[in-house]
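Here the structure is laid out as structure tokens; the discussion comes afterwards.
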Amino acid sequence: MKILVINGPNLNLLGTREPQIYGSTTLDNINQELIEFSKTLSGDIELEFFQSNHEGEIIDKIHSIKDYDGLIINPAAYTHTSIAISDAIKAIEIKAVEVHLSNIFSREDYRKNSFVASSCIGSVSGFNKTSYKMALLGLYDCLANE
Ligand code: DQA
């Protein structure tokens, strides 16, 4: 099972970026923990990680993954602005899960809308780095039971 994990803008700064909101774990550590967690689900999950601060690069990456089984995406601020990322996920017809470290529904009003959610089978928001594990569990369960 091949799963791509995409992280959007400013998430490369995790660890030092507003730790009171996003925690103090770096993106590399989150990715490493996700690899360890994937081994508890199945020996057969291959994870690839991609981070970009550029909308077009994220869209190009989504277009390139037609042979993948699933996508986990934290679109970061593009969640609230990018119809293009949402359309890209729909275009390649991949099962995707949207992830947020913070609870986007308990923050500023402009964070409450997600353009990406409608292209996903589910969303996880508010459990800090554990959100990624929850997303992987949900996606794995969905793909394994297809
Ligand atoms: C975020 C929430 C977004 O509103 C914000 O722009 C981010 C991170 C999260 O993971 O909580 O950059 O996606």
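Some observations on this one:
- Remark on GLN51: its backbone amide H falls under 5 Å from those of ASN7, a criterion applied only to residues 5 or more positions apart or on other chains, H modelled at 1.01 Å from N.
- For the range 1-145, the fraction of 1.4 Å probe accessible surface lying on carbon and sulfur atoms is 50 percent.
- Residue-averaged 222 nm ellipticity for the chain, from DSSP H runs of 4+ at -39500 (n - 2.57), nearest 500: -11000 deg cm²/dmol
- Long-range HN-HN contacts of VAL99 with modeled amide H, under 5 Å: ILE73, ASN74, VAL124
- Accessible surface of THR40 - all protein chains present, 1.4 Å probe, nearest 10 Å²: 100 Å²
- Mean Kyte hydropathy of 0.0 or more with a Cα span along the axis of at least 15 Å, helices from DSSP in the chain: 130-144
- Ordered by solvent-accessible area of protein heavy atoms (1.4 Å probe), largest first, the residues CYS120, CYS142 come out as CYS142, CYS120.
- Cα gyration tensor, the range 28-146 - rounded (a/c under 1.5), prolate or oblate: oblate
- Heavy-atom surface of the range 1-123, accessible at 1.4 Å and reported per residue (Å²): 48 Å²
- Part-to-part distance (alpha-carbon centres) for the range 38-65 and the range 85-146, which is given in Å: 13 Å
- Solvent-accessible surface (1.4 angstrom probe) belonging to SER52, in square angstrom, nearest 10: 0 Å²
- Accessible surface for ARG17 stands near 50 Å², nearest 10, in the context of the full protein assembly shown (1.4 Å probe).
- Of LYS61/LYS112; LYS66/LYS95; LYS39/LYS90; LYS2/LYS133; LYS90/LYS112, pairs whose Cα-Cα distance is over 23 Å: LYS61/LYS112; LYS39/LYS90
The values are calculated or read from the model by the stated rules, or taken from the named source; none is laboratory data. These numbers were taken from a predicted model, which means no experiment stands behind them. These accessible areas exclude ligands, DNA and RNA; they are computed on the full protein's heavy atoms, side chains included. Shrake-Rupley method; radii C 1.70, N 1.55, O 1.52, S 1.80 Å.
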